[in-house]
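Trainee: This structure is in structure tokens; I'll ask about it shortly.
Readers should treat all values here as calculations from the given coordinates under stated rules, not as data from a laboratory. The structure presented is a predicted model; accordingly, all values stated were derived computationally and were not measured. Reconstructed Cβ throughout: ideal geometry from the backbone, glycine too, with neighbour counts over all protein chains shown.
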Amino acid sequence: MRIVVLAGGIGGARFLRGLTSAAPDADITVIGNTGDDIHLFGLKVCPDLDTVMYTLGGGIHEEQGWGRADETFAVKEELAAYGVGPEWFGLGDRDFATHIVRTQMIAAGYPLSAVTEALCERWRPGVRLLPMTDDRVETHVLIDTEDGGRKAVHFQEYWVRLRASVPAHAVVPVGAEQAKPAPGVLEALAAADVVLFPPSNPVVSVGTILAVPGIREAVVETAAPVVGLSPIIGDAPVRGMADKVLAAVGVESTAAAVAEHYGSDLLDGWLVDRTDAAAVERVTAAGIRCRAVPLLMTDTAATAAMAREALALAEEVRP
Ligand code: FO1
């Protein structure tokens, strides 16, 4: 079975660990968000691609959901000693090696998709990990300035330095309009037996992937059933601060509102948590088959059960 997953960072990576456990024989292609990418210290950092690669490859810092396990920060401390910032983005020594290899391969002329394939040679994530595009896309967030004006900051500065503590007036995937889907992305969507939207951030993760011209259309047009899992449980994001960026695009932080935001042209099915069972009626009325099941990814067994529910719903809605 060919499964394609549009994944962001921590939520998407954790879901994938359950999916690979639930469908060990499936051929899984992950289309990874690269809008979170940031250039620091002359290096290209790809948080969402690395989180998927480290999580499935066994190198992830489990509690954080990002960065490497058993990490040290000597390089970061030395950079700070030189007064070279930013200090608010925690790049560890082991993680630096990934960014150095990636940056030197890109400098040698390799596209990000080839670089990601090379890095996965080491990590063996058990899925094909494709960046959504080989072109540069970086999400920026419009926030207020002290003098009553507004300015755009890089998503990572909004997310990590500001902890999403100030209102986001707009979320802009800079460069998306000019970006092309990476090699293999459209083909994977066209050939898929199932397409899944994991519980990733619907705006800055899945939304950014869909903003690359051609990808949304390919999801709409694929013969495969498209099933999503709500990242919102009980009107709040399970992790992260999805509600902040949902507000920026005028979407209320509920399981039903996110399904409606994606729309029935994209989604055939939507899973909500048991606590949001009341949302089933509203999602169904939006033309999307809906079921309430446990959606808390407490461990791999729970996540595998969610993945099985998503695959079962896909079979139910298969045209
Ligand atoms: N998230 C944080 O909250 N604090 C950090 O210092 C931080 C550093 C970091 C370094 C590398 C990396 O790949 C991810 C990192 N993240 C950090 C997480 C990152 O902001 C998020 O994983 C995604 O961008 C959102 O899904």
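Trainee: List, in order, the whole-Hz ³J(HN,Hα) value for each residue of region 197-206 obtained from phi through the Karplus relation with A = 6.51, B = -1.76, C = 1.60 and θ = phi - 60°; use x for Gly and Pro.
Mentor: Here the 3J(HN,Hα) series is 9, x, x, 9, 5, x, 9, 7, 10, 5 Hz.
Trainee: Still on this structure, please answer the following. Which loop GluC sites (Glu not before Pro) in region 1-76, with loop taken from DSSP, have no more than 10 other Cβ atoms within 10 angstrom of their Cβ?
Mentor: When the GluC sites (Glu not before Pro) of region 1-76 are filtered for loop state and at most 10 Cβ neighbours within 10 Å, Glu62, Glu63 remain.
Trainee: Would you please state which residues of region 20-45 a label at Val84 would reach in this model, taking the label point 7 Å out along Cα→Cβ and a backbone N cut-off of under 16 Å?
Mentor: So the set is 39-45.
Trainee: How would Ser230, Ser21 line up from fewest to most surrounding beta-carbon atoms within 10 angstrom?
Mentor: Going from sparsest to densest Cβ surroundings: Ser21, Ser230.
Trainee: Take the chain, connect every pair of alpha-carbon atoms lying under 10 Å apart with a spring to form a Gaussian network, then pick out the residue of Leu189, Leu40, Leu56 with the largest mean-square fluctuation.
Mentor: Residue with maximal mean-square fluctuation among Leu189, Leu40, Leu56: Leu40.
Trainee: Compare Thr72, Thr133, Thr303 in a GNM of the chain, Cα atoms joined below 10 Å, and give the one with the largest fluctuation.
Mentor: Highest fluctuation of the listed residues: Thr72.
Trainee: Quick check on the exposure proxy: order His154, His261 from fewest to most C-beta atoms within 10 angstrom.
Mentor: His261, His154
Trainee: Placing one identical point scatterer on every Cα of region 110-160 and ignoring solvent, what is log10 I(q)/I(0) from the Debye formula at q = 0.25, 0.28 Å⁻¹?
Mentor: -0.92, -0.99
Trainee: Oh, and also: Take the chain, connect every pair of alpha-carbon atoms lying under 10 Å apart with a spring to form a Gaussian network, then pick out the residue of Val166, Val45, Val141 with the largest mean-square fluctuation.
Mentor: Largest GNM mean-square fluctuation: Val166.
Trainee: A follow-up question, please. Once the Cβ-Cβ distance between Asp70 and Glu121 is put in as r, and R0 is 35 Å, what FRET efficiency do you end up with, to the nearest 0.05?
Mentor: That gives a FRET efficiency of 0.95.
Trainee: Okay, next question. Of the GluC sites (Glu not before Pro) in region 248-319, which ones lie in a loop per DSSP and count no more than 15 other C-beta atoms within 10 Å?
Mentor: Glu252
Trainee: Let me check against my output: what whole-number percent is the relative contact order of the chain, with C-alpha pairs under 8 Å and at least 6 apart?
Mentor: Once divided by the residue count of the chain, the mean separation gives 20 percent.
Trainee: Classify region 1-72: rounded, prolate or oblate, from the alpha-carbon gyration tensor (a ≥ b ≥ c, eigenvalue square roots; a/c under 1.5 rounded; otherwise prolate if a/b is larger than b/c)?
Mentor: Oblate shape, in that a/c is at least 1.5 and b/c is the bigger or equal ratio.
Trainee: While we're on this one: Could you give the radius of gyration (one decimal) and Dmax (whole number) of the Cα atoms in region 176-319, in Å?
Mentor: My reading of the Cα-based Rg and Dmax gives 14.5, 41 Å.
Trainee: Per DSSP helix of 4 or more residues, -39500 (n - 2.57); summed, then divided by the residues of the chain. What does that give at 222 nm, rounded to the nearest 500?
Mentor: Result for the chain: -11000 deg cm²/dmol, rounded to the nearest 500.
Trainee: Would you mind computing the Rg to Rh ratio of the chain from its alpha-carbon coordinates, Kirkwood style for Rh?
Mentor: Expressed as Rg/Rh, it is 0.95.
Trainee: Can you put Ser264, Ser165 in order of Cβ neighbours within 10 angstrom, beginning with the fewest?
Mentor: Ser165, Ser264
Trainee: A further question on this structure: Note down the relative contact order for region 1-138 as a percent, whole number, built from C-alpha pairs under 8 angstrom at least six residues apart.
Mentor: 29
Trainee: So, one more: Cα convex hull of region 228-290: mean projected area in nm², to one decimal?
Mentor: For region 228-290, averaging the hull's shadow over all directions gives 3.7 nm².
Trainee: Considering every pair of different Cα atoms, what Kirkwood radius, in Å, is found for region 112-258?
Mentor: 16.8
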